[in-house]
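The values are calculated or read from the model by the stated rules, or taken from the named source; none is laboratory data. Values in this document were obtained by computation on a predicted structure and should not be read as measured data. Cβ coordinates were reconstructed from backbone atoms using ideal geometry, including for glycine residues, and neighbour counts include every protein chain displayed.
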Amino acid sequence: MRRQRGQTLVATMIVLVIISILAVVYFVGSGTGSTSARPDGKGQTTVGAALMKARDTECKQQLMQIRQAVQLGETVDGTFPSSIEAMRLGRDFETCPIGSEPYEYSSETGKVKCPHPGHGKY
């Protein structure tokens, strides 16, 4: 009977050690260095990298929606809306979700871009 109790305790300790190791690897990373270093230096942990990737996607989607609104707001004579605020898309569409930098918009060309480091190609 004592032997089973000892084995159960040892098995429980082994399981706890394995779960602890997996948690450290998940939250901190494997220690092999950053697989894709971000230009803004954010998202160093595994969870942080996933969160930043989601916010990158959110920025891309916002820019796509702003560009569609610019196309819809273009008048017959080819003039574009005067500003992003003038399109009344909402305050969330005025800034990048990661760095909160205001989007750069040119009313002459209708082009909009994000000034956040790494978002130049969006």
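So the values come out like this:
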read-out: Criterion: of a type in the set (A, V, I, L, M), surrounded by 10 or more Cβ atoms within 10 Å (Cβ to Cβ) and in contact with a Leu (Cβ under 8 Å, 6 or more places away or on another chain) - qualifying residue of Ala86, Ala69; value: Ala69
read-out: Test: residue in segment 22-32 that is under 15 Å from His119 (Cα atoms), at pLDDT below 90 and either under 14 Å from the mean Cα position of the chain (by Cα) or not assigned by TED's automatic domain parsing to the domain that holds Cys114 (or both); value: no
read-out: Evaluation of Glu94 against (1) touching a helix residue (DSSP H, G or I) at 6+ places or on another chain (Cβ under 8 Å); (2) in contact (Cβ under 8 Å) with a residue 12 or more places away in the chain (one fails), failing number; value: (2)
read-out: Pick from segment 46-66, criterion among the aliphatic types (A, V, I, L, M) and crowded, with 17+ Cβ neighbours inside 10 Å, ranking: farthest from the chain's Cα centre (by Cα); value: Ile66
read-out: Filtered residues of segment 80-96 (kept if over 16 Å from the mean Cα position of the chain (by Cα) and either among the basic types (Lys, Arg) or part of a loop (DSSP other than H, G, I, E, B) (or both)); value: Phe80, Pro81, Ser82, Ser83, Ile84, Arg88, Leu89, Gly90, Arg91, Glu94
read-out: When residues of segment 97-122 are limited to those that are in a loop (DSSP other than H, G, I, E, B) and among the β-branched types (Val, Ile, Thr), the one nearest to the chain's Cα centre (by Cα); value: Ile98
